[in-house]
Amino acid sequence: MNGRGPWLKPGEQVPYGHVLHAAARLRWSPAAVVSRLTALGYTDIQHAEASLPGTVDLPDTVDLDDVPLIRDVSAQYSPSWLDVGKPVSLRQILESAGLANRGPADVARRLTALGYRLGGAGRSLPESPNPGDTVLISTGRGRYGQWLDWGDEVSAFHVLVAAGELICSPYAAATRLIALGLRLPYTPEPVDELILKSSGEYGDHHGARWFYGTPPVGHILAVAQETGRRPADIVARLTELGYDRPVAPDHPEADDLIILSEELDGREPWLVKNTVVGLSMRHILRAALATGRSPADIAERLAALGHRLHENANLPAIADEADIRLLATVDRSYLDNVHLEHVLRSASLTGRSPADVASRLTALGHRLPDDVAYPEVRGSLAAAT
């Protein structure tokens with residue numbers, strides 16, 4: 001459409017999109033473009049299916065804003081026009097809507113007015129634009145990517161993946177997919193927002209986030225308490241939504257929310273299950289003091305809730321504030337060796353002698369493999385001498 005080559009080839013069919021593009025650029029009617037092309041010897045011109053046999057159905061006018069809508073978004077190597085002889089895919093509508101910042105329903109109406117047939121005939125589309133729609137219907141990336149189309153069923157896992165990419169609520173992703181004409185294995189419910197929402201203490205201090213991995217058991221119990229549902233109902237719903245089945249007690253105990261919260265206040269952030277290094281000994285001791293229960297009782301209850309101590313840990317019979325202060329200075333797990341520099345750091349921070357620190361850490365199950373004669377003198381006294 002610039003008056004220079006490449007030129008339409010005689011004998012080859014003129015694409016319908018070319019007719020519409022020419023009409024928009026020249027401000028002619030499509031019928032006038034067809035008439036002139038025919039006079040120039042181009043008699044094989046693609047056209048939309050007419051409502052009456054033997055007739056050509058052409059729109060009265062075409063605007064330049066229509067041109068992006070009729071470019072085939074699936075063409076990978078060279079621009080081409082949307083084939084009017086084939087039903088329009090959902091991908092075509094959503095990508096065109098995204099490029100034009102128009103609602104999918106608006107794009108669908110305009111393509112229909114231009115003579116195109118929609119693949120999802122009779123299906124409604126949302127009026128509001130959403131730049132994330134193409135992500136919602138994409139099942140992959142690059143050459144391995146595929147596109148969901150009208151009426152396809154979407155897996156619960158796909159909803160979670162798409163929501164994660166868009167950083168939006170899985171509930172919002174699910175409701176939008178249904179609005180786009182896709183089928184889900186479950187019906188989105190407003191309570192899903194509460195079930196899947198974190199208040200933001202998991203690394204994001206700028207507001208609520210959404211769980212894309214299985215929510216902690218503390219969150220499940222808190223939601224059950226807030227909604228008046230049984231924990232088993234929350235677990236069942238999470239399974240329907242595509243999450244691995246979490247561990248949750250059928251009969252919560254009064255202290256469960258306390259011992260499952262990192263700050264022992266019954267609120268987020270909740271303990272996150274760690275199957276590698278296990279539960280923090282310090283948390284067990286703090287929970288024992290907070291609840292008046294023994295460390296063994298706390299450890300047993302947390303194990304029933306899916307949180308276990310590492311097998312190397314030695315649980316003391318009673319909770320001691322001194323142990324809690326000492327463990328706060330140790331950044332080594334039960335899988336790590338505790339070396340001289342770690343002992344000296346803890347001794348300095350607690351005011352205890354290196355020998356006392358080494359002896360107590362060994363009693364608690366930490367490994368101190370270095371052959372070191374730790375001094376009995378506290379750091380402050382050693383410095384004075």
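What the table below lists for this structure:
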{"read-out": "1 or more residues among the aliphatic types (A, V, I, L, M), in contact with a Leu (Cβ under 8 Å, 6 or more places away or on another chain) and modelled with pLDDT of 90 or more: qualifying helices (runs of 4 or more DSSP H) within the stretch 203-271", "value": "217-227, 256-260"}
{"read-out": "Pick from the stretch 149-172, criterion in a loop (DSSP other than H, G, I, E, B) and open to solvent by less than 20 Å² (accessible area, probe 1.4 Å), ranking: modelled with the highest pLDDT", "value": "Val154"}
{"read-out": "Criterion: over 30 Å from Ala373 (Cβ atoms) and open to solvent by 20 Å² or more (accessible area, probe 1.4 Å) - qualifying residue of Arg293, Arg332, Arg345, Arg282", "value": "Arg293"}
{"read-out": "Which listed residue, of Val84, Val62, Val67, is more than 33 Å from the chain's Cα centre (by Cα), more than 21 Å from Gly132 (Cβ to Cβ), outside any loop (DSSP other than H, G, I, E, B) and β-branched (Val, Ile, Thr)", "value": "Val67"}
{"read-out": "Leading residue by the ranking (least open to solvent (accessible area, probe 1.4 Å)) among those in the stretch 311-321 that are assigned to a loop (DSSP other than H, G, I, E, B) and free of Cβ contacts under 8 Å to residues at least 40 places away in the same chain", "value": "Ala319"}
{"read-out": "Breaking point among (1) in a helix (DSSP H, G or I); (2) surrounded by fewer than 16 Cβ atoms within 10 Å (Cβ to Cβ), for Ile324", "value": "(2)"}
{"read-out": "Cross-chain or 6+ apart pairs with Cβ under 7 Å, the stretch 59-82 first and at pLDDT 90 or above, then part of a loop (DSSP other than H, G, I, E, B) and open to solvent by 60 Å² or more (accessible area, probe 1.4 Å)", "value": "Arg71/Pro79"}
{"read-out": "Pairs with Cβ under 9 Å, 6+ apart, first in the stretch 261-280 and on the phi > 0 side of the Ramachandran plot, second open to solvent by 60 Å² or more (accessible area, probe 1.4 Å) and in a loop (DSSP other than H, G, I, E, B)", "value": "Gly278/Arg308; Gly278/Glu311; Gly278/Leu335"}
{"read-out": "Residue match in the stretch 290-297 (condition: in a loop (DSSP other than H, G, I, E, B), among the small types (Gly, Ala, Ser) and on the phi < 0 side of the Ramachandran plot)", "value": "yes"}
{"read-out": "Number of positions in the stretch 220-257 that are open to solvent by less than 10 Å² (accessible area, probe 1.4 Å), within 22 Å of the chain's Cα centre (by Cα) and free of Cβ contacts under 8 Å to residues at least 60 places away in the same chain", "value": "5"}
{"read-out": "The stretch 1-31, residues that are part of a helix (DSSP H, G or I) and open to solvent by less than 50 Å² (accessible area, probe 1.4 Å)", "value": "Tyr16, Gly17, His18, Val19, Leu20, His21, Ala22, Ala23, Ala24, Pro30"}
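The values are calculated or read from the model by the stated rules, or taken from the named source; none is laboratory data. Bear in mind that the values here come from a model prediction, so they are computed numbers and not experimental data. Cβ: placed from backbone, ideal geometry, glycine included. Neighbour counts: every protein chain shown. Keep in mind that these areas ignore ligands, DNA and RNA; they rest on the heavy atoms of the full protein, side chains included. Shrake-Rupley method; radii C 1.70, N 1.55, O 1.52, S 1.80 Å.
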